[in-house]
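Report on the structure given below.
The values are calculated or read from the model by the stated rules, or taken from the named source; none is laboratory data. Everything quoted here is computed from the prediction, not taken from an experiment. Note: ideal-geometry Cβ built from the backbone for every residue, glycine included; neighbour counts use all protein chains shown. Surface accessibility is based on the protein's heavy atoms, side chains included, excluding ligands, DNA and RNA. Shrake-Rupley method; radii C 1.70, N 1.55, O 1.52, S 1.80 Å.
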Amino acid sequence: MFPFSTSAISLITEIPKVITVDGKMRPTEPLLVNFLSNFLSTLLAVPDNPEEGVLYLIRGMLNVIQDYTWEHNSKVIVYTNVLSLLSAICQEEYLYHIDKVDANDAMYGSDSKFLTEVSKICTTLLEEILTRLQELGDTESLKRQSGLALELFNKIVAHGDLTKPSMFTLATNLWSLAQKHGYGDTKQMVRTLELVKRKGARKEDRIYLDLANKMSLQSRA
């Protein structure tokens, strides 16, 4: 699996920007984003090569993604998906495995040094995403900014530790940003708020109810 994964990552830079489908030119970027989303799911089950170091494949893929020339906001979307993978990687036991292959949960468990390395990558990705959100505000691409802010908010709700004040504050700030200029999808915002309320229904998850209480819905009138 390791050689296959490294080959797949190295080939990303060779993907053409457009391909011909049914006689029409089509951009490959949406296909690449979809592929990477699926590929990240595969990487959860692929163990590190001890000779290459911790999270070598993920680091290598992030380097390729960083250097790839992206249109629109696809790189940020990929980064948010990587955050989901890194959250799964921190679990003591992964949801799925490749038969007869020990994944990183068997190799590292909850080793503090391993978790520290994961945290460092998460911090770097969050900084990149937040920088991009700022850039979108500076260039008045406010609708895209709103969509990406809500995307990151949903990732934090799904995978972040909201008991940490910094993470809780980031979530509330992203929620406000998603609505700030009136570009938030009202129906989607309402569904998201209801989801957070449901997550806070259990006594042990009251932090989500605290978050829901700060998630005001702005009027479009």
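So the values come out like this:
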item	result
Full-stretch length increase - residue 205, residue 72 - with 0.36 nm per residue and alpha-carbon distance subtracted	44.3 nm
Under the span-like rule (Cα at least 15 Å along the axis, Kyte-Doolittle mean at least -1.0), DSSP H helices of the chain	29-43, 56-67, 74-89, 112-138, 142-159, 165-179, 186-199
Accessible area per residue, Å², the chain with all protein chains present, probe 1.4 Å	58
Given charges at beta-carbon only (K, R positive; D, E negative), |dipole| of the chain in Debye	1180
Förster-model FRET efficiency, 25 Å R0, residue 15 and residue 161, C-beta, rounded to 0.05	0.10
Positive dipole terminus of the chain, leading residue within 87, 173, 4 (C-beta point charges)	173
Quarter of the Cα convex hull surface for segment 58-116, i.e. its orientation-mean projected area (nm²)	5.0
Burial order of peptide ranges 152-163, 15-26, 56-67 (average beta-carbon count within 10 Å, highest first)	152-163, 56-67, 15-26
Inter-part distance where segment 81-126 and segment 128-202 are each reduced to a Cα centre, Å	24
Net charge of Cβ neighbours under 10 Å - reference residue 103; Lys, Arg +1; Asp, Glu -1	-4
Restricting segment 192-221 to trypsin sites (Lys or Arg not before Pro) in coil, as DSSP defines it, with at most 11 other Cβ within 10 Å	202, 220
Given charges at beta-carbon only (K, R positive; D, E negative), |dipole| of segment 76-186 in Debye	340
Carbon + sulfur, % of accessible area of the chain - ligands and nucleic acids excluded, 1.4 Å	52
Selection from 108, 34, 162 lying farthest towards where the dipole of the chain points positive, charges on Cβ	162
q = 0.13, 0.26 Å⁻¹: log10 I(q)/I(0) that the Debye formula gives for segment 6-92, counting C-alpha atoms only	-0.46, -1.48
Residues residue 4 and residue 169, FRET efficiency given R0 of 45 Å [Cβ-Cβ distance, rounded to 0.05]	0.65
Distance histogram for the chain (every C-alpha pair counted, 10 angstrom bins, percent rounded to whole numbers)	7, 29, 33, 23, 8, 1
At most 11 other Cβ within 10 Å, DSSP loop - GluC sites (Glu not before Pro), segment 147-207	none
